[in-house]
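The values are calculated or read from the model by the stated rules, or taken from the named source; none is laboratory data. Note that the coordinates shown come from a computational prediction; the quantities given were computed from them, not determined experimentally. No Cβ is skipped: glycine too gets one built from the backbone with ideal geometry, and neighbour counts run over all protein chains shown. These area figures cover heavy atoms from the full protein model, side chains too; ligands, DNA and RNA do not enter into them. Shrake-Rupley method; radii C 1.70, N 1.55, O 1.52, S 1.80 Å.
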Amino acid sequence: MEIVILVSLLSLYCDFTDAECPVISPARLVVKYGDPASSNCSSDTPVEMGWEAIQGGTSLTDNKVKILNWRVNSVTEWNSKPTCFTEGGQCQKQLNITVYKLPDRVSISYRKYPDPMVEGHQYLLQCLVQNIAPIGRLRVTFYKVSATGEQTELDTQQKSKDNIKTPENGTYTLDFTPGRDDDGAQLLCSAMLDLGPEGPQPPPVMDSNRLNTNVHYKPQITSPGCFSMSITEGDTLSLNCRANGNPAPSYNWLLSHADPNTMEERSVVTITNMAKSHSGEYTCIARNPLGKSTCTVNVEVTVNYLPIIAGLTAAVVVILLVSCFIYSWPPHRAWFLSRFLPRFWPF
């Protein structure tokens, strides 16, 4: 029972003491290194007060006051802990102050730079943030900006270093595997110092330089495609092979009517006056140092029967006309023609 009464009395004493202690306003400051800062220590009743601080400290006042101001023109201490105290040291209130500094530089690089990246290989992106404080409030984000300007967030990182208040260098890394669509894109990292609601709003952000990515990848044929086609005898065949690749690919054609071991180094195949012997497979091969891509077009040459039919029809018409003409002549002329004309035009 006595213990309970003692605890209750101690609690009442502490509440009374806290009520009598001065109040710091604002209780928390976020100050940029080198900027001015100030806070007030106030009490409901006049008391003798003082500020204990590396910068801006004041001794105990001679007279009792209700407000005592702490102020410095330029904050240059990273571990400053200004504390307001009263006579006899019965009450002490510490000002919560955060001193920050924006980075001197933010830069991004990657392994093997400036060698070109290769599709499917893994690279280590590195974001270096130099001379920033407090580093525990730093958030680093990696971005990719496509050739069309679309920005994609790759990753966001934050390291736990809340106990470090002085400026530090921060290194942040990310594994990156590029694809062919990343050729011509840009990589960057962004450093944001999030100091909470008391800090600058919006939180300050500093972007790195941008890396222009040059991604090498093997060819992929985009035209003419792999298909079958029919062409009429006598017409012209034209096939244009195009491929997407970096470095730019070279082209070869394997022609069905040529020697199987012979390749023609060109991207366009043009054959005029197609014949039946030209039927077969036409294979395009696109190559670069990373590989090759092939595509085959099956070509069938068909005979155009319309000219033949037209010629036969014309011949029949001529024969019929000549026959009618002969038999419509007088008998003696018809006899003459019937004797001599078959030598030149039998019918």
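May I ask which of Lys32/Lys64; Lys144/Lys165; Lys66/Lys165; Lys112/Lys161; Lys101/Lys161; Lys32/Lys81 have a Cα-Cα span longer than 25 Å here?
Beyond 25 Å: Lys32/Lys64; Lys144/Lys165; Lys66/Lys165; Lys112/Lys161.
What dipole magnitude, in Debye to the nearest 20, does segment 111-210 give about its Cα centre under +1 on Lys/Arg Cβ and -1 on Asp/Glu Cβ? The calculation lands at about 360 debye. Over all distinct Cα-Cα pairs of segment 27-130, the Kirkwood formula returns a hydrodynamic radius of 17.0 Å. Normalised per residue, the accessible area of segment 184-259 is 47 Å², obtained with a 1.4 Å probe and no contribution from ligands, DNA or RNA. By the compact-protein rule of thumb, 2.2 N^0.38 Å, the alpha-carbon radius of gyration of segment 204-289 corresponds to a ratio of 1.61.
Expressed per residue, the C-alpha convex hull volume of segment 127-166 stands at 69 Å³.
For segment 63-184, the spread of Cα positions along the three principal axes, ordered from largest to smallest, is 77, 25, 22 Å. Here segment 91-144 is described by how far its Cα atoms reach on the three principal axes: 66, 20, 15 Å, from widest to narrowest. Histogrammed with a bin width of 10 Å, the alpha carbon distances of segment 156-224 distribute as 14, 34, 25, 16, 7, 4, 0 percent, first bin at zero.
Mind listing P(r) for segment 96-245? All alpha-carbon pairs, 5 Å bins, whole percents. Final binned percentages: 2, 8, 15, 16, 12, 10, 8, 7, 5, 4, 3, 3, 2, 2, 1, 1, 0, 0, 0. D by Stokes-Einstein for segment 207-247, Kirkwood Rh over Cα pairs, 37 °C, 0.692 mPa s: 234 µm²/s.
With contacts taken as Cα pairs under 8 Å at a separation of at least 6 residues, segment 201-290 carries a relative contact order of 34 percent.
Taking the Cα centre as origin and putting +1 on Lys and Arg beta-carbons and -1 on Asp and Glu beta-carbons, what dipole magnitude results for segment 176-274, to the nearest 20 debye? Could the numbers behind the result be given before it?
Numbers: 5 positive and 11 negative charges, 24 e Å.
Magnitude of the dipole: close to 120 debye.
Annotation: lysines with alpha-carbon distance below 24 angstrom to Lys292 (same-chain offsets under eight excluded): Lys218.
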